[in-house]
Amino acid sequence: MSTSSLAPPNPKAVRTWAKPSSSLEGTEDIKATPEERFELITRRLHEVLGGDSIKGILVEGKRHPKCYWGTAPTGRPHIGYLVPLMKISDFLRAGVEVTILLADVHAFLDNLKAPLNLVEFRTKYYEYLIRTVLDSLDIPTNKLTFVTGSSYQLTRDYNLDAYRLAATVTEHDAKKAGAEVVKQVESPLLSGLLYPGLQALDEEYLDVDFQFGGVDQRKIFTFAELYLPRLGYTKRAHLMNPMVPGLGGGKMSASDPNSKIDLLDTPEAVKKKIKAAFCEEGNIEENGVLSFVGAVIIPISELRKERILAAQQKQEPVENLAKPFVVEGAPDDAVFSIGRDEKWGGPSHYSSFKALQDEFAEKKVHPGDLKNAVTKAISELLKPIRAKYEVNPEWKDIEAKAYPSPKDEKTVKKKKEKVYHPPPPGKGRNASKPPAGEAATAPPAGEAGAPS
């Protein structure tokens with residue numbers, strides 16, 4: 001092999017799989033100033049690293065900012081996915097060109113969460129579901145692109161960059177970067193050490209200005225900021241959402257059915273799961289039910305109010321527009337209502353999540369009443385998603401292949417894993433044989449040299 005074939009990839013090379021910049025196409029629909037757009041991009045986030053670079057692009061005004069959000073198609077997507085998707089709605093409204101990375105290779109690398117024979121179908125399932133969710137929320141997707149990881153992560157340049165990273169990154173840094181994202185086990189696999197580096201490379205190969213994710217990704221983001229410039233690539237900005245607790249109070253996980261509500265769950269399943277959810281009176285910290293109101297329900301409610309107001313100003317009909325999550329008779333500034341019978345004090349209305357949070361902390365809101373309101377809101381959100389699933393036979397077929405039930409899987413007897421045991425000295429295949437006439441056997445037990 002000639003040395004020229006190992007030349008490093010060109011940092012300025014055009015990534016043929018990346019969406020080309022649309023320059024200022026669509027700017028006419030964005031009336032906000034650069035400052036207002038930046039506020040929309042960064043509101044409700046937990047942390048922003050490198051935000052000045054995004055501001056610079058907005059002020060310069062020559063093109064739109066570009067970002068990516070990645071998700072590994074492992075377990076069934078849950079309502080926690082509404083949190084990043086609502087933030088992606090803000091990006092799109094601010095004119096950001098968004099790429100959603102369906103990280104099939106990462107799904108396999110993360111401790112085999114997605115076996116190779118299933119990951120292709122799970123990737124398709126995720127795209128069906130995410131597109132349907134965005135459509136159900138009336139989120140415009142003309143600046144949204146879906147990319148499958150394996151479409152570029154198996155190319156020569158990408159793999160050569162992965163090797164360049166492997167020759168640069170220490171085991172300590174790789175393990176530290178993936179500590180909160182990669183599944184931690186007693187005997188970690190090498191694949192888990194590759195995961196953070198590949199995620200960092202995605203920023204370059206998707207040609208984005210910033211990566212978006214949960215705050216649990218922070219160590220991978222700072223890893224990327226450190227190592228991408230060492231390969232000659234640009235340091236990107238990183239935007240992080242707060243984490244929403246699961247129904248049991250811990251992290252909401254696609255692989256833990258007890259911590260989540262699936263996006264295709266029926267109203268009966270939603271009611272049962274919310275009823276069993278952890279929602280301690282006065283507890284506003286590890287409270288998944290309360291946190292979901294602040295992260296998803298109220299933002300959606302505010303978005304719906306904005307659309308209704310815009311339609312009224314244009315003297316357009318509003319009857320068919322989705323309504324905010326408030327009961328009849330709520331004040332104009334209300335974004336969330338908890339319905340109660342008059343004998344229990346009647347309904348209560350909130351103009352912000354802070355107002356609800358304060359009353360819950362003061363034990364003025366009973367967990368049962370909050371659960372009832374959240375159950376109703378979630379069921380309404382999931383209804384159009386499930387309706388599209390029910391009439392789509394192709395989607396149902398993909399689901400059956402992506403998540404086969406145990407009874408559909410053939411029972412295969414697990415073979416005993418072979419473990420390599422080196423032969424004792426002189427007993428290997430290539431061991432030298434003793435000269436003819438000499439005894440090759442050990443002395444009988446009890447004689448000199450025999451173990452007693």
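A few points about this structure:
- Any hit, the range 318-333, residues being of a type in the set (D, E, K, R), touching a helix residue (DSSP H, G or I) at 6+ places or on another chain (Cβ under 7 Å) and in a loop (DSSP other than H, G, I, E, B): yes
- Qualifying residue in the range 8-26 (condition: open to solvent by less than 60 Å² (accessible area, probe 1.4 Å) and at pLDDT 70 or above): yes
- Output for the range 66-100, where each listed residue is open to solvent by less than 10 Å² (accessible area, probe 1.4 Å), aliphatic (A, V, I, L, M) and within 14 Å of residue 130 (Cα to Cα): 79, 82, 85, 88, 98, 100
- The range 101-117, subset at pLDDT 90 or above and touching a Lys or Arg at 6+ places or on another chain (Cβ under 9 Å), residue most open to solvent (accessible area, probe 1.4 Å): 104
- Residue within the range 144-157 that is of a type in the set (D, E, K, R), within 27 Å of residue 175 (Cα to Cα) and open to solvent by less than 20 Å² (accessible area, probe 1.4 Å) present: no
- For residue 133, the conditions (1) farther than 30 Å from residue 381 by Cβ; (2) assigned to a helix (DSSP H, G or I) all hold with the exception of (1).
- Within the range 203-235, the set of residues being on the phi < 0 side of the Ramachandran plot, open to solvent by 20 Å² or more (accessible area, probe 1.4 Å) and over 18 Å from the mean Cα position of the chain (by Cα) comprises 209, 225, 226, 229, 230, 234, 235.
- Any hit, the range 374-389, residues being open to solvent by less than 40 Å² (accessible area, probe 1.4 Å), in contact with a Leu (Cβ under 8 Å, 6 or more places away or on another chain) and in a strand (DSSP E or B): no
- Residue within the range 189-197 that is open to solvent by less than 50 Å² (accessible area, probe 1.4 Å) and at pLDDT 90 or above present: yes
- Test result for residue 55, open to solvent by 10 Å² or more (accessible area, probe 1.4 Å), of a type in the set (Lys, Arg), over 20 Å from residue 304 (Cα atoms) and assigned to a helix (DSSP H, G or I): yes
- Filter result for residue 379 (at pLDDT below 95, within 17 Å of residue 265 (Cα to Cα) and among the polar types (S, T, N, Q)): no
- Listed by first and then second residue, the pairs linking a residue in the range 141-159 that is in contact (Cβ under 8 Å) with a residue 12 or more places away in the chain to a residue that is open to solvent by 40 Å² or more (accessible area, probe 1.4 Å) and of a type in the set (A, V, I, L, M, F, W, C), with Cβ atoms under 6 Å apart and 6 or more places separating them unless they lie on different chains, are 151/17; 152/17.
- Condition met for residue 120 (open to solvent by 50 Å² or more (accessible area, probe 1.4 Å) and touching an Asp or Glu at 6+ places or on another chain (Cβ under 8 Å)): yes
- Test: residue in the range 128-136 that is more than 30 Å from residue 306 (Cα to Cα), of a type in the set (Ser, Thr, Tyr) and more than 17 Å from the chain's Cα centre (by Cα): no
The values are calculated or read from the model by the stated rules, or taken from the named source; none is laboratory data. The shown structure was predicted, so the numbers you read here are calculated from the model rather than taken from an experiment. Note: ideal-geometry Cβ built from the backbone for every residue, glycine included; neighbour counts use all protein chains shown. Side chains included, ligands, DNA and RNA excluded: accessible areas come from the protein's heavy atoms. Shrake-Rupley method; radii C 1.70, N 1.55, O 1.52, S 1.80 Å.
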